[in-house]
Amino acid sequence: MWVGDCETFGSVSHSVECETEPNTGQTRLWHAARLLWSTVLPVARVAEASGSAGPFHFSSAFRRRYGVPPRDYRAAGRVTS
């Protein structure tokens with residue numbers, strides 16, 4: 001779940017995603033992808049900066065969207081000599 005995108009309803013005690021803008025999750029993952037390629041921030045900090053509820057959720061969502069874990073995505077963007 002993305003921070004700010006979910007609400008808990010009364011006594012039902014379950015979370016429902018409530019995106020306020022279309023593609024909010026995709027926009028956040030796109031932002032995270034840019035951070036992974038353009039910074040040396042640890043993956044946990046990229047998760048936080050992109051609004052994820054935590055590193056595990058972020059890694060799972062990122063893998064679903066891009067087909068690879070964040071660390072592999074970052075490594076693929078680095079130029080090696």
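The values are calculated or read from the model by the stated rules, or taken from the named source; none is laboratory data. Source: prediction; values computed, not measured. Ideal geometry is used to build each Cβ from the backbone, glycine not excepted, and the neighbour counts take in all protein chains shown. Note: accessible area is taken over every heavy atom of the protein model, side chains too, but ligands, DNA and RNA are not part of it. Shrake-Rupley method; radii C 1.70, N 1.55, O 1.52, S 1.80 Å.
Model label sites at D72 and E48, defined 7 Å from Cα along the beta-carbon direction, differ in position by 2.7 nm. In this structure L29 has an accessible area near 10 Å², from a 1.4 Å probe over the protein heavy atoms.
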